[in-house]
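S.K.: Pasting a structure below so you can have a look.
The values are calculated or read from the model by the stated rules, or taken from the named source; none is laboratory data. The model shown is predicted, which means the values in this text are computed figures rather than measured ones. Cβ placement follows ideal geometry from the backbone for every residue including glycine, while neighbour counts extend to all protein chains displayed.
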Amino acid sequence: MQASPTASCFPKDAMLQGVVAAGMMFSTLLPVQAGELALPQAEGSEVPGGGSLLLPEKDGAARQKLWVASGSMFELLAVAGPMSGMDPLGWTYLQWTQPVGPWSPEVLAEVSVLEVDVPSLPDVEGMGPWVPGRVPEGEVQEVAEVLEGTPLPIEQRIGTAILVGEVSDVTTLEPIAGAIVSVPGTGREDETDAQGRFRIEGLPEGNANVEVLKLGYSTGTAPTTLRNGNTSEVRVALRVKPQDTQEGEYMLAEESIVGEYTEANQGDFNLDLNLTNTLSSGLSKEDFTKTGVSDAAGAVGKVAGANIVGGKFAVVRGLADRYVTTLFNGAAISSADPSRKAVQLDIFPTTAIQGIDVNKTYWPGLPGDFGGGTIQIHSLNIPEERVAEFKYKIGTNSNHEDRMLVHPNRELGFWGDVDNPIPDSLLWSLDSNGDPESFEAGGNRVVPGNTTNATLQARQIAEALAQQALADKHVQQMRMLDQSQSFMPKVDEPEPSESFSLVYGDRKKFENGIELGLIGAFQHSTHDEVNATGEENRVTEPARSWNEESYTRELDWSAYLGAGVKLGENHQINATYFKKHIVSDNITHGTDYRVEGDGVFGALAKNDAVISRYGASAIYTKEFWTIDPVIRDTELKQLQGTHKNDAGTKLEWSITQSLARESRPHTSTFQNGMLDFTDPSIAAAAAIDPTIIYNPALGKISTLQYSTFVNDGIGSLDSSRETQTTEETGLESSLSLTQSIYFTDDEEDGRRLDITIGGSHLDKDREQSGRVYLLRTASWEKWVERSLRSWWTDHPEIAPLSSGSPLDATTLLDGSPLPAGYVNLGQYLADHPDALIDYYNGYASENTGAVPGTGSGSSRAFYVLPDAPYYLNGSGLEVRNVDSDLTLLAFHASATYYDDWWRAGLGGRWEQEKKAYAVAADPLTRLPEDNPSRFGSMTTDAFMPAVMAGIDVVPDKAIVNMAWSRTVARPTFHEFLPIESVAQDTGIVRRGNADLTETSISNFDISADLRFGDHWSGRVSAFHKDLTDPIVVVQRVDLGINSNTYVNGDTGSISGFELEGSWNYGPFSVTGNYAYINSILNYEVNQGLVITPLETRFPFQPSQILNLTLGWAPEDSPWAVYLTANFTDEYPTILRSEPDGYDVWTLPNLTLDLTVARKFEFDWFTGTITLGIRNLTEEDRHYEYRGGPETGSAPYAGLTYTTETPGREAYLEFKGKF
């Protein structure tokens, strides 16, 4: 444990010298001998008692010594070294507890260094063991100066308050050992013992919030009030929090979280053998129509060696996310995803893009963040002549039956304008800028004492009236919060998916050689997704399982506008505007939530309590409802120019402004208990215990009652409301100059040397904000009836206290009986949570204890927990409010020589990246205003060399290319943030690592492009990548909570080959690609005292991917038929974090797609009608656990993790071109 200084000051000119011990604290008076300690101080001054001094260390050597002072006057507390890994400087704290009195410099003229052997002092990381030492006689060293009159920050204060308590399991009441208990902002913490007890000393006086972290449990908090010289006691219960199964990252105990895992990799591809310095594959606009893809994600999924994760993110050649960069017309753009820098590919509809290329080899003109590849998105070209296109599509899915859960309070409308976040003004006090300043907790419920003293009675009534005034104001705000969105979704029916798009373009040519062009496109679509109820399992400690159904109603639209001017043959300027808006309402309903062995969820409910109410025994489980609207906006503005002359000089420039925003304006989660009377285990128990009664006819009954039915006196079922937003803006400017030197008259195909130099500058700013409001009913459920005296009840302006056990009531608030079928209020409110609004009374403060000045003993008044449902601030539990910025400066140069039958080139790119962040202070986070860890920055430099060579073995028929490069992959801002942050899409807690370094990647590629006759062409490619310090996402198991952190692995390697081919003969065609990839990832997991080396595969990349399309399209027939097969081999999605843990694997998946098209030609337009069926055989995607202990049984091996049911989709599309 550590002790912190109090907020006192030391005279400005105080200087100390002596010896320091790293990482330790001494709370006893130290015996000293003669030596030297100089304290230049005005004679006659008084050194106060209970003071403290903060000493910043100057160098690492000083941390190996111990400061001493006169044993008769000082008590020494020394703590040195980095605090919580946040401060690289290190500190020492010196405290004295006895008044010194007037003194002169001669009083402490002779003090020697303490020479003792302290074998119990452990090593401190990075400093080595403590070693006693001696300051040379006569030598005085200045160590620190504390300015006069400056109070110390809270984390630097020392007090005499003591905090003790116990941490227990919310479901079993058993003590929890090894939990980390801390008082945020003070730097003080302790670990619970075998009895769950802890003790923290030296705390400053004041109100505090105790935080408890433990692996397998949600964060626990408890308020307390600390008093100098007194001991405060708190009890904290920890519970398991249900996990999402939405797209994005997932957090599981003893598992490494690496992202989402839905692949979309199917269909045809376009084999382009154009000769460039990089190996690339891609699709053109013509291929989009042929293969039926609707966005960039679908297009990339058809490229050899590529896989699409979550329908949005690309995995190329075994590397995902940070290893894949996306460019829009050659420019880096902002990411709408709050947890990644990768761009979501589904935001680009094929309506607005001309083509997509995936560069699989690196060249200095590309960004240095290159591992798997660079995705190049090319916007629509301005047509040579006027064009107008219209497309309409309607479809349905086999999962669309008669049940669809939708948002309860609104429709999406045509534009999806539904971004209405929870106003801060409801429950926060705002400053002049409209920013949250403090959370309004409402009134603090007062219970009177049994005093007969009129004066004390008046004081108690006065305090109750003051708190009632706060409650009266607050209750309206809580009700407005509830009215903004219902907890329960509305039941609807699925609607057919619909989409339409419009494209218009034209070009005007003038006699003076100037050309003006314009093209515009608009697209709009809606669709419903239904995932039927399926089994979910999470192998955490303890293991959890539940059944879940999920629904998504989505709307998106996009607008594209491009304009260009061409001045003769040598100058061209283009302007581009693109906007995309996607809004989706995601509804999740979970039932039968059980926790293995916790004695609550999945255990027999309190038998007497259940039988007295329902006449039978039941198993207690949990039910939850989540409504999660997600809004994604992307906006791009781009201006580009190309200028060249007849001497072979070409200048290219670009300015791109981008904005990406993802908002969750109002996410709500409602949780209630469920009494399962149908569980067969009840019948088995009844056969041997006559007190158990089995009556499955009662079915399953939802209830808001928790402690009534479970053996957990301090637990609760918290519901919540949240609002979260991430917005990123970017501005990139680039300039490139190329000079071609020709050695023959044939400038296009003859010998030449191209020399290119260029640079770019990128600025990105990201703002992430969030608010969390927890809805609690625990104290209301457990409310005990109070008998009040007449001197209190004579004041009707004080709201009456609730009756005892209010959820057992058989009437509503107005006294009317409950509707038929409801036994008590707890059952009714579980089915009608919106009715909670009638029970709010404005009391929401959790401050408890005696009311000052109202008496003593039983005669005094007390603050108690609320006697009604209430909201409290949950925003400070993790960091959801962070601003960050990034600046990337790059310069590149390259030279390539082209001979008649061979070519070679080399080049390099230098990049400097600067990242900085600022975290909001309390109350939006747990960090006080003056905590230095709120701010941080990182600067990295990297040089990326590249070489290439190629040879035409047979000109135009057999071409071989080779390339080598060394590139990097950099951590994102939340990965190096040395604090906790929250993933906006999943709510997963992430702990950054300030020591994270960039990954160095060595890339080697070789390819052979082959053409034989007019019917067959192909490509064979092989590659190998070596990664040093790969960034790995692992789960921390040494911090007492399920959370992600990021570490640099040791090494990684990826090898593989790709086969691409196309054959056509007459009306028949066969096109396809096959990729084989093998990867090895070596990393270590820090489990506290144990460092575990692990070897596994890189996630999300199947070892085998096969795309095959069979086509029939006669030239003289209007009909065309394509059958596409996609096979994706198994691959890991969640990696274990210890040898005996479990991985999650996706099982092999084979899908078939069929399209049948009929073309119609008229004088004024050409139309095509297409009938398509996706997932023809209605294949599901299965995920299971693998691994477990190397010896003994592995009980979870083969257990279902989750199952996705995409269903079979059928659609009809009409396209007309005028």
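S.K.: One residue is enough: does segment 639-656 have a residue meeting the conditions assigned by TED's automatic domain parsing to the domain that holds Ser734 and under 27 Å from Asn420 (Cβ atoms)?
M.R.: No, segment 639-656 contains no residue that is assigned by TED's automatic domain parsing to the domain that holds Ser734 and under 27 Å from Asn420 (Cβ atoms).
S.K.: Of all the strands (runs of 3 or more DSSP E) wholly in segment 843-953, which have at least 3 residues that are of a type in the set (Val, Ile, Thr) and on the phi < 0 side of the Ramachandran plot?
M.R.: Those strands (runs of 3 or more DSSP E) span 882-898.
S.K.: On to the next question. If I filter segment 568-590 for residues that are surrounded by fewer than 21 Cβ atoms within 10 Å (Cβ to Cβ), in the same structural domain as Ala686 (by TED's automatic domain parsing) and under 30 Å from Asp676 (Cβ atoms), do I get at least one hit?
M.R.: yes
S.K.: Inspect segment 830-840 for any residue being in a helix (DSSP H, G or I) and without any contact (Cβ under 8 Å) to a residue 24 or more places away in the chain and give the result as yes or no.
M.R.: If we filter segment 830-840 for residues that are in a helix (DSSP H, G or I), which is where we start, we get 830-831, 833-839.
Now drop any that are not without any contact (Cβ under 8 Å) to a residue 24 or more places away in the chain, which leaves 835.
Looking for residues that are in a helix (DSSP H, G or I) and without any contact (Cβ under 8 Å) to a residue 24 or more places away in the chain, one finds at least one in segment 830-840, hence yes.
S.K.: Moving on. Which number in (1) over 19 Å from Glu913 (Cβ atoms); (2) modelled with pLDDT under 75 marks the one condition that Val387 misses?
M.R.: Unmet condition: (2).
Yes/no per residue for (1) under 29 Å from the mean Cα position of the chain (by Cα); (2) among the polar types (S, T, N, Q):
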| position | (1), (2) |
| --- | --- |
| Phe522 | no, no |
| Asn531 | yes, yes |
| Glu548 | yes, no |
| Leu555 | yes, no |
| Val565 | no, no |
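S.K.: Could you figure out which of (1) at pLDDT 90 or above; (2) charged (D, E, K, R); (3) surrounded by fewer than 16 Cβ atoms within 10 Å (Cβ to Cβ) isn't true of Lys509?
M.R.: Result: Lys509 passes all but (1).
S.K.: Right, something else. Can you tell me which condition Glu535 does not meet? The list is (1) surrounded by fewer than 17 Cβ atoms within 10 Å (Cβ to Cβ); (2) in contact with a helix residue (DSSP H, G or I) (Cβ under 6 Å, 6 or more places away or on another chain); (3) among the charged types (D, E, K, R), and all the others hold.
M.R.: For Glu535, the failing item is (2).
S.K.: So Thr986 fits all but one of (1) out of contact with any Leu (no Cβ under 8 Å at 6 or more places or on another chain); (2) modelled with pLDDT of 85 or more; what number is the exception?
M.R.: (2)
S.K.: Wholly within segment 351-408, which strands (runs of 3 or more DSSP E) include no fewer than the required count, namely at least 1 residues that are surrounded by fewer than 20 Cβ atoms within 10 Å (Cβ to Cβ) and outside the structural domain of Lys566 (by TED's automatic domain parsing)?
M.R.: The qualifying strands (runs of 3 or more DSSP E) are 353-359, 373-379, 387-397.
S.K.: In the list Tyr1183, Tyr1196, which residue meets the criterion of being out of contact with any Pro (no Cβ under 8 Å at 6 or more places or on another chain) and modelled with pLDDT under 90? Before you say what the answer is, go through the steps one by one.
M.R.: Numbers: Tyr1183 fails: modelled with pLDDT under 90.
Of Tyr1183, Tyr1196, the one residue that is out of contact with any Pro (no Cβ under 8 Å at 6 or more places or on another chain) and modelled with pLDDT under 90 is Tyr1196.
S.K.: Name the strands (runs of 3 or more DSSP E) wholly within segment 128-205 that hold at least 2 residues that are surrounded by fewer than 19 Cβ atoms within 10 Å (Cβ to Cβ), at pLDDT 50 or above and within 37 Å of the chain's Cα centre (by Cα)?
M.R.: 161-169, 188-191, 197-203
S.K.: Quick check on my filter: what residues within segment 552-574 are assigned to a strand (DSSP E or B) and either among the polar types (S, T, N, Q) or within 13 Å of Thr642 (Cβ to Cβ) (or both)?
M.R.: Selection gives Thr552, Ser558, Gly564, Val565, Lys566, Leu567, His571, Gln572, Ile573, Asn574.
S.K.: Scan segment 474-505 for residues that are acidic (Asp, Glu) and either buried (at least 18 other Cβ atoms within 10 Å of the Cβ) or out of contact with any strand residue (DSSP E or B) (no Cβ under 6 Å at 6 or more places or on another chain) (or both) and jot them down.
M.R.: Within segment 474-505, Asp482 is the sole residue that qualifies.
S.K.: Taking Glu797 as meeting all but one of (1) in the same structural domain as Thr452 (by TED's automatic domain parsing); (2) of a type in the set (Asp, Glu); (3) at pLDDT below 90, write down the number of the exception.
M.R.: All conditions are met except number (3).
S.K.: Is it the case, given these coordinates, that Ile611 is out of contact with any helix residue (DSSP H, G or I) (no Cβ under 9 Å at 6 or more places or on another chain), among the β-branched types (Val, Ile, Thr), under 30 Å from Val418 (Cβ atoms) and modelled with pLDDT of 95 or more?
M.R.: Numbers: out of contact with any helix residue (DSSP H, G or I) (no Cβ under 9 Å at 6 or more places or on another chain): yes; among the β-branched types (Val, Ile, Thr): yes; under 30 Å from Val418 (Cβ atoms): no; modelled with pLDDT of 95 or more: yes.
No.
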